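Structure, as structure tokens:
The values are calculated or read from the model by the stated rules, or taken from the named source; none is laboratory data. All values derive from a computational prediction rather than experimental measurement. Note that we place each Cβ from the backbone using ideal geometry, even for glycine, and neighbour counts take in every protein chain shown.
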Amino acid sequence: MILLDTHALLWWALDPDQLSTTAADLIAQMERRGGMASAISIWELGVKIQRGKLELGISIDKLAHRIERHSAVELVAVDTGIWLRSLALPWDHRDPADRVIVATALARGVPILTKDVEIRRFEGVETIW
């Protein structure tokens, strides 16, 4: 079981050629066994779309519904426990989405599939790319 970082979720859904060979192999396994992504990834993508930093070719609503309908990825809600865990991380990183993604992985006991250098530098969670 793995947790997809926002870009890995997006590339899995819309642009799988962006995935590394290792990531693509893990995604193939995930499609059979299941995986997860934090619901904050939908928010993060939506913010980037609103700011003109990302164009998907489909609305964020359609992307979210596509992901929800696909049984391979569970969108994990950001509950109070995850918010509190994200605040308690011994990590000087201000990106709230990254903090929540790391906290979610820790809460679920799974590695994060991520290319993000800042997340990969955090020593408290396993990352794969």
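Annotations for the structure displayed:
- With respect to (1) under 26 Å from G81 (Cβ atoms); (2) at pLDDT below 95, the lone exception for M36 is condition (2).
- Checklist (1) in a helix (DSSP H, G or I); (2) in contact with a Ser or Thr (Cβ under 8 Å, 6 or more places away or on another chain) applied to A23, failing item: (2)
- Test set (1) without any contact (Cβ under 8 Å) to a residue 40 or more places away in the chain; (2) assigned to a strand (DSSP E or B) - M36 fails condition number: (1)
- Taking first residues from the stretch 4-24 that are β-branched (V, I, T) and partners that are in a helix (DSSP H, G or I) and surrounded by 14 or more Cβ atoms within 10 Å (Cβ to Cβ), the Cβ contacts under 6 Å between residues at least 6 apart in sequence or on separate chains come to T6/S41; T6/E44.
- Odd one out for I49 among (1) at positive phi; (2) in a helix (DSSP H, G or I): (1)
- So I42, is it under 17 Å from P111 (Cα atoms) and touching a strand residue (DSSP E or B) at 6+ places or on another chain (Cβ under 9 Å): no
- Among the residues of this structure, M1 counts as one that is surrounded by fewer than 19 Cβ atoms within 10 Å (Cβ to Cβ) and within 28 Å of W83 (Cβ to Cβ).
- Residue match in the stretch 30-53 (condition: in contact with an Asp or Glu (Cβ under 6 Å, 6 or more places away or on another chain), of a type outside the set (V, I, T) and closer than 14 Å to M1 by Cα): yes
One line per residue, one yes/no per condition, for (1) surrounded by 20 or more Cβ atoms within 10 Å (Cβ to Cβ); (2) at pLDDT below 95:
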position: D15; (1), (2): no, yes
position: V47; (1), (2): no, no
position: K53; (1), (2): no, no
position: I58; (1), (2): no, yes
position: A72; (1), (2): no, yes
position: I82; (1), (2): yes, no
position: P90; (1), (2): no, no
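- Considering G52, G81, G124, G109, the condition of being free of Cβ contacts under 8 Å to residues at least 40 places away in the same chain and within 15 Å of the chain's Cα centre (by Cα) is satisfied by G109 alone.
- Every listed requirement among (1) crowded, with 18+ Cβ neighbours inside 10 Å; (2) out of contact with any Pro (no Cβ under 9 Å at 6 or more places or on another chain) is met by E68 save one, (1).
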